[in-house]
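Everything on this sheet refers to the single structure shown next.
The values are calculated or read from the model by the stated rules, or taken from the named source; none is laboratory data. As the structure is a computational prediction, the values presented were derived from the model and not from experiment. In this analysis, Cβ positions are derived from the backbone assuming ideal geometry, glycine residues included, and neighbour counts consider all displayed protein chains. To get the accessible areas, we keep the full protein, side chains included, count just its heavy atoms, and leave off ligands, DNA and RNA. Shrake-Rupley method; radii C 1.70, N 1.55, O 1.52, S 1.80 Å.
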Amino acid sequence: MFSSQYVIIGAGFAGAATAYHLARRGVKDILILEQERVAGVHSSGRNASMVRQVVPEPAIIHLAKDGAAFLRSLPADWPVAVSYQQNGSLLLGSGEGWGKLSRDAVIARQAGIEVELWSAEKSKEYVPVLREADFDGAVWCPTDGVVDIHALLSGYLKAALSQGTQIRYGCLVKGLDVRDGSVNGVLTKEGVIKAEAVINAAGPWAGAIGRLAGAADVPLRPCRRHLFVTAPAPWVDPGWPFVWDDAHGIYFRPDSGGLLLCPCDQEEMAPGIPPTDSSVVELLAEKIRRRFPGISDVAIMKSWAGFRTLSADGRFVIGWDPRVRGFFWVAGLGGHGVTTSSAVGALAASLILDPSEKHGEPFSPGRFLR
């Protein structure tokens, strides 16, 4: 019977970064279980690759700041070259949404993130295709950008493996061995893998894994979101920042000579490879027409969908389960997984190795029992 001190379920950003930071702190006996044949098949490899630090949830801002700083300056011993295109971000606000966005910017500045409030006129000068757009102002964050998500994920895993971590691909978790309120191992098709602790970093499947363990009822919703890439267009400047209209739910950024666009759709569905819905193209077209008429003549070349796993209150779920001893959550990253990955992994490692650590209280799964 195989055993490991720590078994991590999921080799996406949550699991890989947690393994990386545990390994950096000297833990040698770590096993990652990944159901697919390669890492990054699901949410960690099907997102917009954007690093955004000004976010609506104050508890997440510090993790976003620390995570983005890590991505901009990877450790000297990082095993994989990772490109980071620091074009910045331009977050547009209108009406009450502009007031909320401005307050978010103040909180971000207090956390040490470099931000500026720009007028609509200045924003339109910087990104000319916004000349016909209607908004009250924008938040400019120059240290945001776009990262190579596949190289980043590979780097976390390779660095952890170099320190003794093991990984099993094609290993589907069928159940958890829980006795007298404590987790003792993971059930797979190859048998039981004994463990002192099981770390639930299963992304869209995290809720299902929690139920298999009989853990706390953490309200997590896997929600589909579409991304679209246009054909190359001569007027697209590859140096533009990503532009996000917060109030109306649409963003775009340069990509492959054209634009990557998202209408910020959100539909809860069962985990897996989400099918694309042709009607979302119509939603995108309508939002472009209303919010960004300057890019209304784009031609969609390809599209795909991925999952964002959302908690009920918008905060991450990181910490020991209040019902099942030895069961730890790293879940509900809600679309912030790329930006916060290193900070989330570092926080998780701290809480795993020192359960008395208090910094993770805003993310504790126990908050849902109150």
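Remarks
- Qualifying residues in segment 199-249 (those that are of a type in the set (D, E, K, R), part of a strand (DSSP E or B) and farther than 25 Å from Gly145 by Cβ) - the one least open to solvent (accessible area, probe 1.4 Å): Arg224
- Note on segment 135-173: residues that are within 25 Å of the chain's Cα centre (by Cα) and more than 30 Å from Ser119 (Cα to Cα) amount to 25.
- Qualifying residue in segment 98-117 (condition: within 19 Å of Pro254 (Cα to Cα), assigned to a helix (DSSP H, G or I) and open to solvent by 30 Å² or more (accessible area, probe 1.4 Å)): no
- Cβ pairs under 6 Å, 6+ apart, first in segment 316-335 and within 16 Å of Ser182 (Cβ to Cβ), second of a type in the set (Ser, Thr, Tyr): Arg325/Ser182; Gly326/Ser182
- Counted residues, segment 48-90 - those being assigned to a loop (DSSP other than H, G, I, E, B) and modelled with pLDDT under 95: 2
- Looking only at segment 168-197, residues that are open to solvent by 30 Å² or more (accessible area, probe 1.4 Å), free of Cβ contacts under 8 Å to residues at least 60 places away in the same chain and in a strand (DSSP E or B) come to 3 in all.
- Looking across segment 312-330 at every residue that is of a type in the set (Gly, Ala, Ser) and open to solvent by 10 Å² or more (accessible area, probe 1.4 Å), the one that is nearest to Ile199 (Cα to Cα) is identified as Gly326.
- Test: residue in segment 288-295 that is of a type in the set (Lys, Arg), surrounded by 13 or more Cβ atoms within 10 Å (Cβ to Cβ) and farther than 28 Å from Val218 by Cα: yes
- Segment 250-275 residues that are loosely packed, with under 14 Cβ neighbours inside 10 Å, paired with ones that are β-branched (Val, Ile, Thr) and in a loop (DSSP other than H, G, I, E, B) (beta carbon under 9 Å, 6 or more apart): Gly257/Val236; Ile273/Val41
- Answer from Ser123, Ser94 - the residue that is open to solvent by less than 10 Å² (accessible area, probe 1.4 Å), hydroxyl-bearing (Ser, Thr, Tyr), touching a residue at least 12 places away in the same chain (Cβ under 8 Å) and over 30 Å from Pro275 (Cβ atoms): Ser123
- Selection within segment 44-87: residues that are over 25 Å from Arg109 (Cα atoms) and charged (D, E, K, R). The member of this set that is surrounded by the most Cβ atoms within 10 Å (Cβ to Cβ) is Arg46.
- Going through (1) modelled with pLDDT of 95 or more; (2) open to solvent by 10 Å² or more (accessible area, probe 1.4 Å); (3) over 21 Å from Gln5 (Cβ atoms); (4) under 21 Å from the mean Cα position of the chain (by Cα) one by one, Glu361 falls short only on (1).
- The residue list Leu347, Leu333 contains one member that is under 18 Å from His21 (Cβ atoms), in a helix (DSSP H, G or I) and open to solvent by 10 Å² or more (accessible area, probe 1.4 Å), which is Leu347.
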